[in-house]
Structures are given as structure tokens and as C-alpha cells.
Amino acid sequence: MTATATDIKSLESQYLLQNYRRQPVVFERGEGVRLFDDAGRSYLDFVSGIGVASLGHAHPRLARAVASQAATLIHTSNLYFHPLQGELAARLVKLTKLDRAFFCNSGTEAVEACLKFARRFWHARGAARRTDFVAFNHSFHGRTMGALSVTWDEHYRAPFEPLVPGVTFVDADRPATLDAAVGEHTAAIIVEPIQGEGGVRPLSRAAATAIVEACRRTGALLIADEVQSGSGRTGSFLHGPALGLAPDLVALGKALGAGVPIGAAMLSSRVAGTIAPGDHGTTYGGNLLACRAALTFLDEFEGSLSESIPRVSAYLFDRLRALAAAHRPRVAEVRGAGLIAGLDLTVDAAPVVAAALDRGLLVNRTSATVIRLLPPYVITEKDVDEAMGILDAVLGAL
């Protein structure tokens, strides 16, 4: 007998840790940019698993690749060689212009690795007191202890303090505060070129220039957290270079595996040269299944998607700006780039998310008032029209 939605929710409430606030829907399958619930109802997915399902759902080429790999070999550990890690690393080196890759299982793990590698760099150079980090207001870098320590919001931080010491938060809109914060004890500055969880806030070019200057002046390393903004979400593989950032370390995740968990820390040669065997590691990271999925994603991205993303993005933001104009003053601002967009409201976004779900559109709320859109890379202008029509109706009914 097939479990009903009530059965599923009851089982979770009895046995699963209650640390998520789920929307009241049970999804059973997907196809392209759509998800289907247990009753067969279709939903247009503009969340894509929080920026993960970059190729949409049940992508035929990805499904074949994963099935073939699972039938061949999934995992051997990093005690041995296999044919896919080097291939994937070479592709990412070419795309990021960095020199080495370390594979893990998520964006948070990639951030954690970058923080460790930054400290290891200075330790190897005899500057063992150079352990501090500078991060930014509204930042979100993950929920493990190191990544959480460079995450700004007290809502995430307070229950788990004391965290890793030596972290200073500065306002990206006030470059002078960055200059004062970065000094002889700073190991690295960590920044998201577009803050995702913090409300879809793009880093300004002025702030990027101030970061570059602070690193030049002090020698501090630069970590770019491109877990959400990278892996092609803005059309370019990384967003930081468009702002003039040339990081020493880059954290990748989310879209890179198109749904199969994988993260990557990319390192410059000078940082990589200070890492010795045993300094860091992972059991699952870089296994064959994850690498095969990432290679398939890169094939698709470097094919047609890198050209279609900018085109569909321009259409999406035109429609969002028109939507904002039609619903002022309820809509304060449209922010983002590529296929990451935020509609900042003057009211709580939660009722909008719920009403959109009722009408068959998945969006999510971040930073209290922001409706975040992270659609799959395979969306079309027609999908954008459908989503904007639903949001227009929802905002009009508030």
C-alpha cells in the first residue's frame, strides 16, 4: 500500500529530527522545471532544491550518466586513484583559473576547507598568529562550526557560541570599515560575490575594489564563497571575476552536481603548495558518482546553457522590474544577476511564498522580506512568463 501524505508527515514527526520548517507538500517526481506532488499536481520550480537542480529534474543525460556509473563503480575512497577526479579537477582549473581542486560533499564543507587551508598557509610561512578572518554583514557561509563562525546572522550563531574566535564582520557598503578591520593578524577575507541567504545582495564594485586593495596592502588571502553565485548561475562560471576579484581560494557546491552532492575548494598554487598529506581529508568526497554527475553538468553548461542563461536572465529581470513597478510600494527593490534574483518586499515574504505554492509556483523566503528565485538553468522565457503571472496575482491579492 502506497503511503499517503498524512502517513509520510506522521512518520517524520515521530522519527525525524524536527529541525526543518517544511512547506505542506509531498513531492514524488520531477521533469524539467516541474515537480509533481503525491496527488499528481504540477508545480513550476523556481527554487531548484535551493540552487542545486541546475539541469532541472530527471534530466535524461544526467540520469543515464548516474545510472551507468552506479552500475559500474560508486566509491573507492581517497586511498586509491580513479579516473574521474583528475578529469573533473582539470575542467574546474580551466574554468576558475585556479590551480588545484579539493573535492568534498557540499558547499559548507568547501568553505570549511578554505578556512583551514588559509590558516595552514600562514602556519607554513611561519606566521602562526595570523589566524583571523574578516567577513561581511548579511553573510551566510554554512552551519558547521568554522563556516558558522564567518556567518553574520545572530539567529544562526547564538545557540552555538562560543564559535571560532578572531572573526570581524564589516559593512560592504562602507569600505573604510574593511580597511580598519584587515591587518597583520588577518589570515583571509571571505566574501560572497552575491549574498544568497542574506537577501540576494550583490557585492558592489566599490566594495570589491576595497577588498582587493586590503588584500594587496596586508597580504591577506581572499576566499570567494561562490557556492550559490558560482557554477554558472550568473552565466559566467564564477561571478567574482566580473567584479575584479582574483581569489586565492574559491568554494563551490550546489549547482555543480546538478542534484548529486559534491563540493569543491579551488586553490591557487601558492596556497596549494603549503598543504601536506593528512592536513585535510574526506571519506566520500570526489567519489565516482559525484564526479560523473559534475562532469555531466559541465558538459551541459559549456554547451548551450552558458549562452541561454544570459538571454533568459535578461528577460527574467525585465519582467521582475515590471512586476515591481506594478506593485509599488509593496515591492521595494529587485536584486540579483543571472538566474539568482531577489524581490525585496516592504512586508514579510512568508505569505507570498505560501500563496505562490497554492497557485503552483515554488519560490522561497530569505532575510525575512525577500522572495528568492533560483530556477534551474534550463528554464525558458515561457517559464518566466508563467512564474511572473503567478507572482503578479499573489502580490495583487495581498
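In region 309-324, which residues are over 20 Å from the mean Cα position of the chain (by Cα) and either touching a residue at least 60 places away in the same chain (Cβ under 8 Å) or surrounded by fewer than 16 Cβ atoms within 10 Å (Cβ to Cβ) (or both)?
Once the filter is applied, which keeps residues that are over 20 Å from the mean Cα position of the chain (by Cα) and either touching a residue at least 60 places away in the same chain (Cβ under 8 Å) or surrounded by fewer than 16 Cβ atoms within 10 Å (Cβ to Cβ) (or both), region 309-324 yields Arg311, Ala314, Tyr315, Asp318, Arg319, Leu320, Arg321, Ala322, Leu323.
Specify the residue that is nearest to Pro175 (Cα to Cα); the eligible residues are those in region 137-152 that are assigned to a loop (DSSP other than H, G, I, E, B) and touching an Asp or Glu at 6+ places or on another chain (Cβ under 8 Å).
Asn137
Give the residue, chosen from Phe46, Phe36, that is under 30 Å from Asp7 (Cβ atoms), of a type outside the set (Asp, Glu) and in contact with a helix residue (DSSP H, G or I) (Cβ under 7 Å, 6 or more places away or on another chain).
Being under 30 Å from Asp7 (Cβ atoms), of a type outside the set (Asp, Glu) and in contact with a helix residue (DSSP H, G or I) (Cβ under 7 Å, 6 or more places away or on another chain) holds for just one of Phe46, Phe36, which is Phe46.
Can you find a residue that is in a helix (DSSP H, G or I) and either without any contact (Cβ under 8 Å) to a residue 60 or more places away in the chain or basic (Lys, Arg) (or both) anywhere in region 328-342?
No, that holds for no residue.
Restricting attention to region 88-101, does a residue exist that is closer than 21 Å to Gly278 by Cβ, buried (at least 19 other Cβ atoms within 10 Å of the Cβ) and touching a residue at least 40 places away in the same chain (Cβ under 8 Å)?
yes
What is the one condition in (1) closer than 29 Å to Ala314 by Cβ; (2) touching a strand residue (DSSP E or B) at 6+ places or on another chain (Cβ under 8 Å); (3) at pLDDT below 95 that Asp173 does not satisfy?
In the conditions (1) closer than 29 Å to Ala314 by Cβ; (2) touching a strand residue (DSSP E or B) at 6+ places or on another chain (Cβ under 8 Å); (3) at pLDDT below 95, Asp173 misses (2) alone.
Check Glu302, Glu333 and return the single one that is touching a strand residue (DSSP E or B) at 6+ places or on another chain (Cβ under 9 Å) and either farther than 25 Å from Ala39 by Cβ or surrounded by fewer than 17 Cβ atoms within 10 Å (Cβ to Cβ) (or both).
The conditions single out Glu333.
Out of all the residues in region 216-224, is one or more of a type in the set (D, E, K, R), surrounded by fewer than 21 Cβ atoms within 10 Å (Cβ to Cβ) and free of Cβ contacts under 8 Å to residues at least 24 places away in the same chain?
Yes, region 216-224 contains at least one residue that is of a type in the set (D, E, K, R), surrounded by fewer than 21 Cβ atoms within 10 Å (Cβ to Cβ) and free of Cβ contacts under 8 Å to residues at least 24 places away in the same chain.
Which number in (1) among the charged types (D, E, K, R); (2) at pLDDT below 95; (3) surrounded by fewer than 12 Cβ atoms within 10 Å (Cβ to Cβ); (4) more than 30 Å from Gln195 (Cα to Cα) marks the one condition that Arg64 misses?
Failed condition: (2).
The values are calculated or read from the model by the stated rules, or taken from the named source; none is laboratory data. None of these values were measured; they are calculated from a predicted model. Every residue, glycine among them, receives a Cβ derived from its backbone with ideal geometry; neighbour counts consider all protein chains shown.
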